[in-house]
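Structure, as structure tokens:
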Amino acid sequence: MEEGFRLILEGMGEDVNREGLVDTPKRVAKMYAELMSGLSGDLKESDLLKTQFHEKYDEMVYLKNIEFASMCEHHFLPFTGRAHVAYIPGDSIVGLSKLARVVEFYARFPQVQERMTYQIASLIQKTLNPKGVAVVLEASHTCMTIRGIKKAGAMMVTTKLLGRFKTDEKTRAEFMATVHAP
Ligand SMILES: [Zn+2]
């Protein structure tokens with residue numbers, strides 16, 4: 001990565017040996033290792049929701065305003081925003097912080113927001129076997145706000161609904177009201 005970024009700088013016409021840039025490729029390589037840590041394989045997606053508790057609770061559990069920062073794989077510029085995650089438990093529940101960790105995990109790959117939304121929902125569905133899962137991601141994409149059409153403030157919203165959130169209008173409305181509540 002270090003060598004690669006040095007080439008990018010050279011390609012831009014920069015002097016890679018000047019003081020301010022001489023260590024930049026090393027810093028950038030370190031930074032990408034952190035931002036793309038999902039690719040290292042150190043953390044397994046199957047471990048993220050492993051600690052479960054058996055509880056009889058069949059109302060919606062939700063965690064809103066989970067801040068995240070990921071990287072658009074088309075331009076390699078960040079997109080940042082908030083995730084809202086809800087599920088209706090089957091036989092088990094997980095600690096709320098675990099839901100935030102799932103969001104964080106999938107943010108650490110070269111991403112597209114649509115896929116990230118789907119991955120979060122489908123891991124919860126697969127691991128917890130709940131009666132329903134709902135995920136909404138709202139994000140601002142720098143590949144749109146600082147370049148191209150430069151529409152600052154535009155938010156991309158993606159939604160994935162499974163189970164009861166998809167089939168039952170009342171449940172879906174309850175979730176959406178929660179997302180839109182101040
Ligand atoms: Zn992009």
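Worth a mention:
- Unit charges at the beta carbon, dipole of the chain: most positive-side option, G20, H180, T117: H180
- Ligands, DNA and RNA excluded, the heavy atoms of I146 present near 110 Å² of accessible surface to a 1.4 Å solvent probe.
- Of the chymotrypsin sites (Phe, Trp or Tyr not before Pro) found in the range 1-99, those in coil by DSSP whose Cβ has at most 15 other Cβ atoms within 10 Å are Y57, F76.
- Counting only trypsin sites (Lys or Arg not before Pro) that DSSP places in a loop and that have at most 11 other Cβ atoms within 10 Å, the longest clean stretch of the chain runs over 57-146.
- Solvent-accessible area, 1.4 Å probe, carbon plus sulfur percent, for the chain: 54
- GNM top mover of N17, N65, N129 - the chain, alpha-carbon springs below 10 Å: N17
- Coarse-grained scattering of the range 82-181 at q = 0.22 Å⁻¹, given as base-10 log I(q)/I(0) from a Debye sum over alpha-carbon atoms: -1.16
- Among residues other than A177 with Cβ under 15 Å from its Cβ, the summed charge is -1 (Lys and Arg +1, Asp and Glu -1).
- Relative frequency of Cα-Cα separations exceeding 11 Å in the range 72-118, percent: 73
- Estimated vicinal HN-Hα couplings, Hz - the range 116-127 in sequence order (Karplus 6.51, -1.76, 1.60; Gly, Pro = x): 4, 4, 5, 5, 4, 4, 6, 5, 5, 4, 5, 8
- Surface listing: M31, M36 arranged by accessible area from highest to lowest gives M31, M36, probe 1.4 Å.
- HN-Hα J in Hz across the range 83-95 - Karplus 6.51, -1.76, 1.60, θ = phi - 60°, x for Gly and Pro: 10, 10, 10, 9, 8, 10, x, x, 9, 9, 10, 10, x
- Placing +1 on the Cβ of every Lys and Arg and -1 on the Cβ of every Asp and Glu, with nothing else charged, gives the chain a dipole about its Cα centre of roughly 460 debye.
- Spherically averaged projected area of the convex hull of Cα atoms, the range 113-171: 4.7 nm².
- For the range 21-69, with +1 on Lys and Arg beta carbons and -1 on Asp and Glu, the positive-most of L63, S37, L48 along the dipole: S37
- For D91, residues with placed amide H under 5 Å, excluding near neighbours: none
- The GluC sites (Glu not before Pro) of the range 9-87 that meet both conditions, a loop assignment by DSSP and at most 15 other Cβ atoms within 10 Å of the site Cβ, are E14, E19, E55, E59, E73.
- Across q = 0.09, 0.19 Å⁻¹, the chain modelled as identical point scatterers on its alpha-carbon atoms has Debye log10 I(q)/I(0) values of -0.40, -1.24, in the order of the q list.
- Alpha-carbon centroids, the range 1-52 and the range 79-107: separation in whole Å: 26
- Average silhouette area of the range 22-104, convex hull of alpha-carbon atoms, in square nanometres: 7.0
The values are calculated or read from the model by the stated rules, or taken from the named source; none is laboratory data. Bear in mind the structure is a predicted one, so any value in this text is a computation, not a measurement. FYI the Cβ positions are ideal-geometry reconstructions off the backbone, even for glycines, and counts take in every protein chain you see. Accessible surface areas use protein heavy atoms only, side chains included; no ligands, DNA or RNA. Shrake-Rupley method; radii C 1.70, N 1.55, O 1.52, S 1.80 Å.
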